[in-house]
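Data block below; observations after.
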Amino acid sequence: MSAPLIRTLAEVEAFERVPLAQRAHGWTLPEVLAQGASLDPDAIALYYLLNADPRETPLALSYAAFMDKARQTANLLRRLFGGGEGVVGVLLPVVPENYFVLAGGPFAGIVCPVNWAMQPPQIAGVLNSAKAQVLVCLGPTPGFDIWETAREALALTPGIRHVLQVRGPGGTVDADRDFAALIARERADALDFERTLEPDDTAIYCPTGGTTGLPKLARLTHRGIAYKCHAFDWIHQQGPGDVVFAGTPLFHSGGIVKRTFKTLAHGVTMVVVSPHGFRSPGSRENFWKLVERYRATELSVPPTLMADLINRPTGGADLSSLKKYATAGGAGLPVATARAFEEKFGVIVLANYGLTENTTSATLSPRGVEPRHGASGIRVPYTQVKTVLVDRQGAYVRDGAPGEAGVIAVKGPGVIPGYVDEAQNRGLFFPEGWLNTGDLGRFDADGYLWVSGRLKDLIIRGGHNIEPRVIEDTLLRHRAVELAAAVGRPDGYAGELPVAYVQLKSGATASAEEIRLFARERIPERGTAPADVYILERLPLTDVNKISKAPLRCDAARRAFCAALEGLPAGVCASVEVSEIQGSGMRARIALSSPAGCRDAAAEARARQIMDGYTTGYEVAWRG
């Protein structure tokens, strides 16, 4: 808490004149967690609610009790590993036992958290890639199908030797697999084994984001995690007495590092709002009453939840415990949301930029200065960030000039050594060890990073690159629009045309044409304005509450292909399905049918001729 407040790039550079080794002490998870617990062992580390109800009596664990659970978990896992190091897979919602495994597992070996919403073959693929020997998962529990999914996945994972069950709300466990009973038999005051941990040892196999294909497993090291625990404190300066909500999933780097390890490393109290996290309806309905009940000091929630909260009444809740600043996920924070939140609640919402391959944030928005909405802050001390220009194959060409947009590259203690699968490391690094993020951005004169999107999200209209965020930020200024996403729709002439999908605010009304004209009038470059706007009841979200563009790209392509195929001869009809295949892009499946129920060679040839006008891969088949 005595660290200086870092507000500018010049202060970052001055801060770095002291070597990192002198700034930070403790380079493994056991060390930084022990430091956090020692600040006030009797303070509450974790409150756990079942229904996000401020009236319910929570489970409360002190830091001393939490560390006991972590050590018991480590002792149990080490024994199940056979006395050596091993890998434990985790299929759990936001329950206390998930935190015990996250904190204790790296003492004994490596933890591999898995998105339990995936299908069994995907889950099995992750566990097999990690070479997991132990699985900790939720037992049969109403409202969850995790155990049923796990049973199917286990049939495909021969390397799993031990399966432990966690009792969920109203659920059951097998007596011989009961996680709580098994760790209760283990020593709590110390580790029962000796292990020399090195800072560069892997602590977490962290799955990367994405909803299609098999996630990559990023190797998060003890050093990288410990560094981020120290670095966040230099800018955020949280400590005992601070209270934050825990509602994000624990199978991605933001939930694991920024919202768990950083919090525990500084003696902050976490309030787990429900096993479903922020996806629980009660967490939204009761949000402001929960702030009042637990005297929350700082909010850290996804931008989509922020947008929802702006339109919810506080019900007269006392919000005086909230500090001046809040953080909202990553670079996807819309300017309109940040400004509306500040205007309504008096809390300044700051963005950051990070990714799993950098063990979360590479830039943070500083406090104590005028917020620069739309930017993602300045670089974290001892982390270097630049832009680079690449060729059509994505290979490095040169560094970006000051202010020049390009692919964001990162170098520093938080950068992972690579993925578990060595074949996936091709293209991960530019020359001299710079991480290729695949994101696009630029720096302003003060060192603030302005992220414009993913390289793959660029809309390329007739050779002209269109950044989706230009469209999205404009649409969010419309009085009725709550969420917006712009994607490219295949076009036979221009390659792609920009189109937009929007979700309206609760109770608001507006037509798609009204919103399209609103954007057209406000976007200076006519070719950038969306050709069409589609209103959806709900935009698709990822498991970490970010807008998922893959299904929107597929829907836009389906609409384009359906329209193009309407003119097939002889009454032949076409139905279209489009999917996005990881590593292969989009692929369309065209199903033709005719009134006579027989194949029409001319119609099929015409369908293929139409589809050949696009770059999307396709296949044509006849129904019936």
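The values are calculated or read from the model by the stated rules, or taken from the named source; none is laboratory data. Computed from a prediction, not measured in an experiment: that's the story for all the values here. We place every Cβ from the backbone using ideal geometry, glycine too, and count neighbours over all the protein chains shown. Ligands, DNA and RNA are stripped out before the accessible areas are found, and what is left, the full protein with its side chains, is counted by its heavy atoms. Shrake-Rupley method; radii C 1.70, N 1.55, O 1.52, S 1.80 Å.
Distant-in-sequence amide contacts of Gly400, defined by a placed amide H-H separation under 5 Å and a gap of 5 or more residues or a different chain, comprise Thr387, Val388, Leu389. Listed cross-link partners Lys69/Lys289; Lys262/Lys323; Lys456/Lys505; Lys258/Lys323; Lys131/Lys216 are compared with a 25 Å cut-off, the Cα-Cα value being larger for Lys69/Lys289; Lys456/Lys505.
With every protein chain in place and a 1.4 angstrom probe, the accessible-area ranking of Leu333, Leu191, largest first, reads Leu191, Leu333.
The Cα trace of segment 113-255 gives Rg and Dmax of 17.4, 47 Å, the first to one decimal, the second as a whole number.
When the Cα gyration tensor is reduced to axis lengths a ≥ b ≥ c, the ratio a/c is 1.5 or higher for segment 175-224, and with a/b not above b/c it is classed as oblate. What the Cβ-Cβ distance of Glu513 and Thr8 gives, at R0 = 35 Å and to the nearest 0.05, is a FRET efficiency of 0.15. Computed 3J(HN,Hα) for segment 383-391, one whole-Hz value per residue from the Karplus formula 6.51 cos²θ - 1.76 cosθ + 1.60 where θ = phi - 60°, is 10, 9, 9, 8, 10, 10, 9, 10, 8, glycine and proline marked x. For segment 1-132, the Cβ-based charge dipole about the Cα centre amounts to some 340 debye (Lys, Arg positive; Asp, Glu negative; other atoms uncharged).
Restricted to Cα atoms, segment 1-103 shows a radius of gyration and a Dmax of 18.4, 51 angstrom. What the Cα atoms of segment 200-273 give is an Rg and a Dmax of 13.3, 42 Å. Full extension of the chain between Arg79 and Asp40 yields a length gain of 11.0 nm, computed as 0.36 nm times the residue separation minus the alpha carbon distance. How many angstrom lie between the C-alpha centres of segment 220-244 and segment 357-401? With segment 220-244 and segment 357-401 each reduced to a Cα centre, they are spaced 20 Å. Between segment 420-456 and segment 16-85, what is the C-alpha centre distance in whole Å? First find each Cα centre; the distance between them is then 32 Å. Based on the Stokes-Einstein relation at 4 °C and a viscosity of 1.567 mPa s, and on the Kirkwood radius from alpha carbon pairs, segment 72-119 is assigned a translational diffusion coefficient of 119 µm²/s. Largest accessible area first, the listed residues His276, His25, His222, His266 line up as His25, His276, His266, His222 when surface is computed with a 1.4 Å probe on the assembled protein chains. Between Leu46 and Leu61, Met270, the built amide H atoms are under 5 Å apart, and every one of these is 5 or more places off in sequence or on another chain.
Counting only DSSP beta bridges with both residues in segment 520-624, the antiparallel share comes to about 60 percent. Sequence-ordered 3J(HN,Hα) estimates for segment 157-163 from the Karplus curve with 6.51, -1.76 and 1.60 and θ = phi - 60° stand at 10, x, x, 6, 9, 9, 10 Hz, glycine and proline given as x. At a temperature of 4 °C and a viscosity of 1.567 mPa s, determine how fast segment 348-410 diffuses translationally according to Stokes-Einstein, using the Kirkwood radius over alpha-carbon pairs as Rh; express D in µm²/s, rounded to the nearest whole number. The calculation lands on 100 µm²/s.
The listed residues Arg372, Arg161 rank as Arg161, Arg372 when sorted by accessible area, largest first, using a 1.4 Å probe. The packing ranking of peptides 435-443, 232-240, highest mean first, is 435-443, 232-240, where packing means the average number of other beta carbon atoms within 10 angstrom of each residue. Using alpha carbons only, how many angstrom separate the centre of segment 502-550 from the centre of segment 165-207? What the calculation gives is 45 Å, centre to centre. For the chain, the share of DSSP beta bridges that are antiparallel, to the nearest 5, is 60%. Residues whose amide H lies under 5 Å from that of Ser548, counting only those 5 or more places away or on a different chain, are Leu541, Thr542; hydrogens are built 1.01 Å from N in the peptide plane. Taking a ≥ b ≥ c as the square roots of the eigenvalues of the Cα gyration tensor, segment 145-198 is classed as oblate, since a/c reaches at least 1.5 and a/b does not exceed b/c.
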